[in-house]
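Here the structure is laid out as structure tokens; the discussion comes afterwards.
The values are calculated or read from the model by the stated rules, or taken from the named source; none is laboratory data. Only a predicted model underlies this, so the values are computations on that prediction, with no experimental measurement involved. For neighbour counting, all protein chains shown are included, and Cβ atoms are generated from backbone atoms with ideal geometry for every residue, glycine included.
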Amino acid sequence: MSTSRSSARRALRRLPLHAAAALTVVICLFPVYWMVTTAFKPSTDIQSYDPRLIPRAWTFDHFQRAVGADGFALFWRNSILVTLSAVLLALVVALGAAYAVARLRWRGRRQFVLAVFIAQMAPWESLIIPIYIISRDTGMLDRLPTLTLIYFMITLPFTVIVLRGFIAGIPPELEEAAQVDGCTRAGAFRKVAFPLLAPGLMATSLFGFITAWNEFTYANFLIIKQQDSRTLPVWLSSFQSTFGTDWGATMAASTLFALPALAIFLALQRHVTAGLASGGVKG
């Protein structure tokens, strides 16, 4: 009897936490739900003064208009190319930097780590003007490689921080044992430590992909004349005209835009928590 009472008391004490968690989930997911349902609503229901949580009718006309818009396939390809290139480049560079910080002892190591943390904390929006001037003076405006380098710089500090902590969490004795068996330092890392880095690589890849995939400001300011070099976030503004915004097509395009990031998150979610937790290990 006492056990059931104690369980009931614990449940009552946890009730405010569960209610707060449920409220947080509703607040976070409601805009997404409204975006998706608006994409399926007829235009007359979207402009109605009596909005409904559940649409009375469903239509795919907005999706057909979004997919049939000029440049949809081209801008989709541009976003995929820029995002994947930036993420892969950040992983390669950050992996070497993180290993050097976590495993090696060299002069200036702490200062380097501090600089990486400062770069992570810096607001990248404050660098728009200097980056624009540098891109203009070097002839790098209106080019996808420019966006790739910028997204690489944005995602690199976080990738180094997480991979550093993850490498520090792997016992160095494993690599030392492989070196005793005849492996070089690089061979020991590739055969022993690298397979254990999968959760950290997945977590950083997901963060980098979402950051680069959703970035709008730099893509809008640096791609001016060559409209064929635009990315999907900039393309979303094409549904605005002098007559207003086509909300149905905009919400349909936004839903299609969110699908790749959602698919990658669902595929990697099992590794993300372990990767971020291991990235917090002190090296």
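Quick notes on this one:
- In the range 153-189, the residue that is surrounded by the most Cβ atoms within 10 Å (Cβ to Cβ) out of those that are part of a helix (DSSP H, G or I) and of a type in the set (D, E, K, R) is Arg164.
- Close Cβ contacts (under 7 Å, 6 or more residues apart or on different chains) running from residues in the range 56-72 that are at pLDDT below 85 to residues that are part of a loop (DSSP other than H, G, I, E, B) and surrounded by 11 or more Cβ atoms within 10 Å (Cβ to Cβ) comprise Ala57/Pro42.
- Condition check for Tyr99: aromatic (Phe, Trp, Tyr) and either closer than 23 Å to Thr255 by Cα or in contact (Cβ under 8 Å) with a residue 40 or more places away in the chain (or both): yes
- Of the residues Leu81, Leu127, the single one that is at pLDDT 90 or above and closer than 29 Å to Trp235 by Cα is Leu81.
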